[in-house]
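Encoded as C-alpha cells, the structure appears first; notes follow it.
The values are calculated or read from the model by the stated rules, or taken from the named source; none is laboratory data. As the structure is a prediction and not an experimental result, all values here were calculated from the model. All Cβ positions, even for glycine, are placed from backbone atoms using ideal geometry, and neighbour counts span all protein chains on display.
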C-alpha cells in the first residue's frame, strides 16, 4: 500500500471507532507496515520566555523525535532526567498508556503525584503523543478522537505599564491596534498590578494607612 493511501485509509477509519480505542487500533493496523521503534534517549531543555518553560525531546532509533512541553517550574528537568528517562528508554513509544502509568507509579513518592512530578510526566507524555503521530503518519488529534476545529483564536498576555493610568492604557491600546500580527484578544494578569495598588502589599499606601490607624 502506498504511504499516502495508507494515511488516507487510517484517517477515515478513525472516525468509525471509539476514541478510547483509536491509538490501539492504529497500532494494530500499522504493525505489519512499520519497523519496531525504540526510544533511545530523553532530553530536557529550557525555552526562555516570560517564564522558562521546560521542553522535552524524545529520540528513537529510527531517527524520529517527539517534542513535548512540561511548562515551567524548578526541578522539572531533574525529575525528567533523574527519574523518567530510565523508565522510557528502550521502550516502544506507542505504548503511551502503559508508560504513563509506569511513570506515575514509579514517582508516587516524589511529589505525591502532583506539582513538579506531574508537570514533568506531562511533558514526556506530550512528546510520546507527538512521536506516535509521526510514526503512524497521522495528526495527533486523530489519535485523540478526531479534529473539532480548523483554527484557534490566539490572545496576547500583556498589560499596560500602569493599568490605573488612562494615558498608559491608551498607549497600550494603540500598540495593540498597530501590532503587525493583528492582535484581536488580550489577557491582562491581575498580578501584574504594581505593588503600590495592592492593598495586601507592604508597599501599598492603603496598607500603610490601615496599619497607622
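A few notes on this one:
- Some residue of region 134-149 being surrounded by 13 or more Cβ atoms within 10 Å (Cβ to Cβ), more than 18 Å from the chain's Cα centre (by Cα), outside the structural domain of residue 186 (by TED's automatic domain parsing) and part of a helix (DSSP H, G or I): yes
- Evaluation of residue 139 against the conditions (1) under 30 Å from residue 94 (Cβ atoms); (2) touching a strand residue (DSSP E or B) at 6+ places or on another chain (Cβ under 8 Å) shows that the sole unmet condition is (2).
- Residue match in region 21-38 (condition: more than 27 Å from residue 147 (Cβ to Cβ), under 16 Å from the mean Cα position of the chain (by Cα) and either modelled with pLDDT under 70 or exposed (fewer than 15 other Cβ atoms within 10 Å of the Cβ) (or both)): no
- Matching residues, region 153-168, being farther than 15 Å from residue 182 by Cβ, modelled with pLDDT under 85 and not in a loop (DSSP other than H, G, I, E, B): 157
- Test: residue in region 81-88 that is surrounded by fewer than 16 Cβ atoms within 10 Å (Cβ to Cβ), at pLDDT 95 or above, closer than 15 Å to residue 66 by Cα and in contact with a strand residue (DSSP E or B) (Cβ under 6 Å, 6 or more places away or on another chain): no
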